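The values are calculated or read from the model by the stated rules, or taken from the named source; none is laboratory data. The structure presented is a predicted model; accordingly, all values stated were derived computationally and were not measured. Ideal geometry is used to build each Cβ from the backbone, glycine not excepted, and the neighbour counts take in all protein chains shown. Each accessible area value is taken on the protein alone, full model and side chains, heavy atoms only, with ligands, DNA and RNA left out. Shrake-Rupley method; radii C 1.70, N 1.55, O 1.52, S 1.80 Å.
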Amino acid sequence: MRDYDVECIRCGARYAKDEIVYTCRACGGLLDIKYDYAHVDSDKIVKAPGEGVWKYRALLPFGAETVPVTIQEGNTPLYRCDRLGEALGLRDLWVKHEGLNPSGSFKDRGMTVGVTKAVELGVKGVACASTGNTSASLAIFAAKAGIPCYVLLPKGKVALGKVAQAMMHGAQVFSLLGNFDDALRVVRVLCEEESLYLLNSVNPYRLEGQKTIAFEAAEKLGWQAPDRLILPVGNAGNISAIFKGFQELKTLGITDTIPMMTGIQAVGAKPIVNAFKTGAPEITPEPKPETIASAIRIGNPVNAEKALHAIRSTGGLSESVTDDEITHAQLELARMEGIGVEPASAASLAGLKKLVEQGEIQPDERIVCITTGHLLKDPERVIEICEAPKEVEADVAALRELMK
Ligand code: AN7
């Protein structure tokens, strides 16, 4: 088995690999998986064969004997976006479209690792709270592994496509009378009491899978880190995971730099932005988070401590955007680059635009923007804002009359 430690980021307390624990029992701190980097061969990353998350298993917490629960997640495209870049006044803009994972979001990277760990632990079931994508992905991997899956969704606040996935793949779906933060609070207690394995991003194994976004982005850029990495932030797991991935590449001498980590939230749900801007050491939770980008409608991000460290230690930024700005960015991405994303994903582009206008981002920076989920997950708003299909007789003249 690969050597690693499960360690508290605050007090350094360590936990055994077969212990089910999500936050430090001594101080409540978040946990992290730590490897003995002196014994990781960088060639096993740089020259690894294959593609996707498991290509990087030299930096995953499993030995060679582990058979992963996989649906071929990862290996998403990194698009160079010159049209959009030009419109924004940027010379080197790239978009990594995580919506092209098998379930339609980046969550698959975390779930392949998390559910593989669940199988290794021999748990009787897996569970999560979710704004949608986590539940869809967990349902799929649990189905693949053949283990029971329980998901708690905030009632009326989850996009239809995501609920359909969770239901279709056989999860027991609960519509919770409360918001995401309420659902996470409840499921955390449930998992303790019922010995179910919690697969929200407070689980450090999830983040191990998600850090491979950094590996793939660097690899496609010729093993170089971009100057800036920009992404939407909800529960703040992904920004923490990607930061960790870049840190590891630097530790191993594969890359020289770490990108300025830049996290975007919606104005109605921006506790990380607030803490960043005021310099507060901790976030103040938002009791009533609200945004059209339901995926990031989260008021009390569980990974805030890791995320603030990622942003602050890299000279990064954090900004918030309105629902209208999100929708506009979603349209631009769709129509200028052919990239279809859900609203939360477009927040990253909207934030980028705002930060360029504010002069916070320089035109010649190499920027990788992560679009986290697919357009088809959440098309409701699209149908509202786009021109409706025009009804037409089955007749060429009638059709020509209506064409612009
Ligand atoms: C498309 O599914 O939290 O900051 O329960 O679905 O790592 O939480 C989704 C989050 C961004 C934010 N974009 O990522 C859930 C959930 C999309 C998302 C985020 C989510 P984190």
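Before moving on, here are some points about what is shown:
- Taking the range 185-206 as the range and being open to solvent by 10 Å² or more (accessible area, probe 1.4 Å) and not polar (S, T, N, Q) as the test, the residues that pass are Arg185, Val186, Arg188, Val189, Leu190, Glu192, Glu193, Glu194, Leu196, Tyr205.
- Boolean, Ile147 is more than 11 Å from the ligand (Cβ to nearest atom) and either open to solvent by less than 20 Å² (accessible area, probe 1.4 Å) or touching a residue at least 40 places away in the same chain (Cβ under 8 Å) (or both): no
- Positions within the range 117-144 being within 11 Å of the ligand (Cβ to nearest atom) and either in contact with an Asp or Glu (Cβ under 9 Å, 6 or more places away or on another chain) or in a helix (DSSP H, G or I) (or both), in sequence order: Ala129, Gly132, Asn133, Thr134, Ser135, Ala136, Ser137, Leu138
- Condition check for Thr372: within 13 Å of the ligand (Cβ to nearest atom) and over 25 Å from Glu282 (Cα atoms): yes
- Enumeration of residues in the range 287-315 that are touching a strand residue (DSSP E or B) at 6+ places or on another chain (Cβ under 6 Å) and away from the ligand (no atom under 14 Å from the Cβ): Thr314, Gly315
- Selection from the range 327-386 of residues that are assigned to a helix (DSSP H, G or I), closer than 26 Å to Asn75 by Cβ and among the β-branched types (Val, Ile, Thr): none
- Residue in the range 317-336 that is among the basic types (Lys, Arg) and touching a strand residue (DSSP E or B) at 6+ places or on another chain (Cβ under 9 Å) present: no
- One residue from Arg312, Arg297 being charged (D, E, K, R) and touching a residue at least 60 places away in the same chain (Cβ under 8 Å): Arg297
- Taken over the range 273-305, the criterion of being in a helix (DSSP H, G or I) and surrounded by 24 or more Cβ atoms within 10 Å (Cβ to Cβ) is satisfied by Ser294, Ala295, Ile296.
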